[in-house]
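Peer 1: Quick one: structure below, then a few questions.
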Amino acid sequence: MFWPELSHFSVSPERKLGVIFALVATAVASLGNMTATRNHRFQLPIIQANAWAMMYGALFVALYATLAGERFVFDRSVPYVASLLYLALFGSVIAFIAYLTLLGRIGADRAGYAGVAIPVVALALSTLFEHLHWDATMMAGIGICVAGNVLVLGRGKPAADPRS
């Protein structure tokens, strides 16, 4: 789906660092899924556990920013505050609660396939708001994503062995 961007990829130090960050982020997200599965197994409440995790994340980022010498500034303009509230509520709180609920119901392995749908949604939003022009590689990529999700998620979980 993203072949046009990848075809112009350079191997500059900044781009290499970006790839490393993306790979580390993927590994950390997988660890988060395992932690969420453990939390579900121990029947920890999703909303409260999510709130604590977000607080720890915010404290870690604040500590990092402080150690990096960054100033804490806040843009009080209406567009900034509105977008911040939207992203905090829908992009974080509601999204994580929905995903963690899904993870608890169908398992981390199957819930992880939601990540395959995210680029499809991103392309749809780019088409709507940024007037993205589609090409054959994007359509083929979306077809592969959809087919993969249907194939993997359509099978359902294997039936329990009646002898056990």
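Peer 1: Which whole-number percent of Cα pairs in the range 8-164 have a distance greater than 22 Å?
Peer 2: 63
Peer 1: Would you be so kind as to identify which of GLN43, ALA114, LEU84 lies farthest towards the positive end of the dipole of the chain, taking Lys and Arg as +1 and Asp and Glu as -1 on Cβ and the Cα centre as origin?
Peer 2: It is GLN43, whose Cα lies furthest towards the positive end.
Peer 1: If you take every residue apart from LEU103 with its C-beta less than 13 Å away from the C-beta of LEU103, what net charge results, scoring Lys and Arg +1 and Asp and Glu -1?
Peer 2: +3
Peer 1: For SER10 and ALA68, FRET efficiency with R0 = 30 Å and r from the beta-carbon atoms, rounded to 0.05? Each step should come with its number before you reach the end.
Peer 2: Details: r = 26 Å, r/R0 = 0.88.
Here the calculated transfer efficiency is 0.70.
Peer 1: In addition: Name the residues whose placed amide hydrogens come within less than 5 Å of the amide hydrogen of LEU132, ignoring near sequence neighbours (fewer than 5 apart) on the same chain.
Peer 2: THR127
Peer 1: Over the range 26-164, what is the mean sequence separation of C-alpha contacts under 8 Å (at least six apart), divided by residue count, expressed as relative contact order in percent?
Peer 2: In percent, rounded to a whole number, it is 28.
Peer 1: Show ILE94, ILE47, ILE106 ordered by accessible area, largest first, where the area counts protein heavy atoms only and the probe is 1.4 Å.
Peer 2: The residues order as ILE47, ILE94, ILE106, largest area first.
Peer 1: Would you tell me the accessible area of TRP52, worked out with a 1.4 angstrom probe on the heavy atoms of the protein chains, in Å² to the nearest 10?
Peer 2: 140
Peer 1: OK, next. Applying the Karplus parametrisation 6.51 cos²θ - 1.76 cosθ + 1.60 with θ = phi - 60° to the phi angles of the range 93-100, what ³J(HN,Hα) value in whole Hz is obtained for each residue in order, glycine and proline being reported as x?
Peer 2: Values per residue, Gly and Pro as x: 4, 5, 4, 5, 4, 5, 5, 5 Hz.
Peer 1: Run the dipole for the range 12-82 about the Cα centre, Lys and Arg Cβ at +1, Asp and Glu Cβ at -1, nothing else charged, and hand back the magnitude in debye, nearest 20.
Peer 2: Dipole size: approximately 160 debye.
Peer 1: Follow-up question, since we're still on this one. Rounded to the nearest 500, what is the chain's calculated 222 nm mean residue ellipticity when only DSSP H runs of at least 4 contribute -39500 (n - 2.57) each, over all residues?
Peer 2: On the way: 8 runs with 115 residues, N = 164.
So the helix-based figure for the chain works out to -22500 deg cm²/dmol.
Peer 1: With just the Cα atoms defining each centre, how far is the range 95-144 from the range 1-77? Give it in Å.
Peer 2: Result: 18 Å between the Cα centres.
Peer 1: In the calculated pair distance distribution of the range 1-100, what percentage of Cα-Cα distances lie above 23 Å?
Peer 2: 50
The values are calculated or read from the model by the stated rules, or taken from the named source; none is laboratory data. None of the values given here were measured: they were computed from a predicted structure. Cβ coordinates were reconstructed from backbone atoms using ideal geometry, including for glycine residues, and neighbour counts include every protein chain displayed. Calculation scope for accessible area: heavy atoms of the full protein, side chains included, ligands and nucleic acids excluded. Shrake-Rupley method; radii C 1.70, N 1.55, O 1.52, S 1.80 Å.
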